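The values are calculated or read from the model by the stated rules, or taken from the named source; none is laboratory data. These figures come from a predicted structure and were not determined experimentally. Cβ placement follows ideal geometry from the backbone for every residue including glycine, while neighbour counts extend to all protein chains displayed.
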Amino acid sequence: MEASIIKIGNSKGLRLSKTILEKYHIKDKVELILEKGQIILRPIHSPRKNWEDKFKKMAENNDDELLVNDVFGDENFDEWN
């Protein structure tokens with residue numbers, strides 16, 4: 001596929017069609033990877049977006065308990081020395 005470089009203010013840019021944006025789930029940002037003479041655009045997904053707010057809500061609801069203990073009763077820490 002061929003795409004034109006267009007003038008955007010004092011810079012230049014690449015225009016992506018709505019079809020491409022939808023197909024590859026590109027929203028506001030892309031990761032730009034320069035590799036072996038190629039430019040790769042990769043969508044940026046934010047899977048941890050708003051986690052801080054969710055953790056605060058969990059703490060307020062006393063729903064932030066560990067599901068598994070950090071330390072097991074039969075662990076022998078002497079063998080790590």
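List of remarks:
- Members of region 1-20 found to be small (G, A, S) and either surrounded by 10 or more Cβ atoms within 10 Å (Cβ to Cβ) or touching a helix residue (DSSP H, G or I) at 6+ places or on another chain (Cβ under 8 Å) (or both), listed by number: A3, G13, S17
- Taken over region 38-58, the residue count meeting the criterion of being at pLDDT below 90, loosely packed, with under 10 Cβ neighbours inside 10 Å and of a type outside the set (D, E) is 4.
- Any hit, region 21-30, residues being assigned to a strand (DSSP E or B) and surrounded by 10 or more Cβ atoms within 10 Å (Cβ to Cβ): yes
- Scanning region 1-55 for residues that are of a type in the set (K, R) and closer than 30 Å to L66 by Cβ yields R48, K49, K54.
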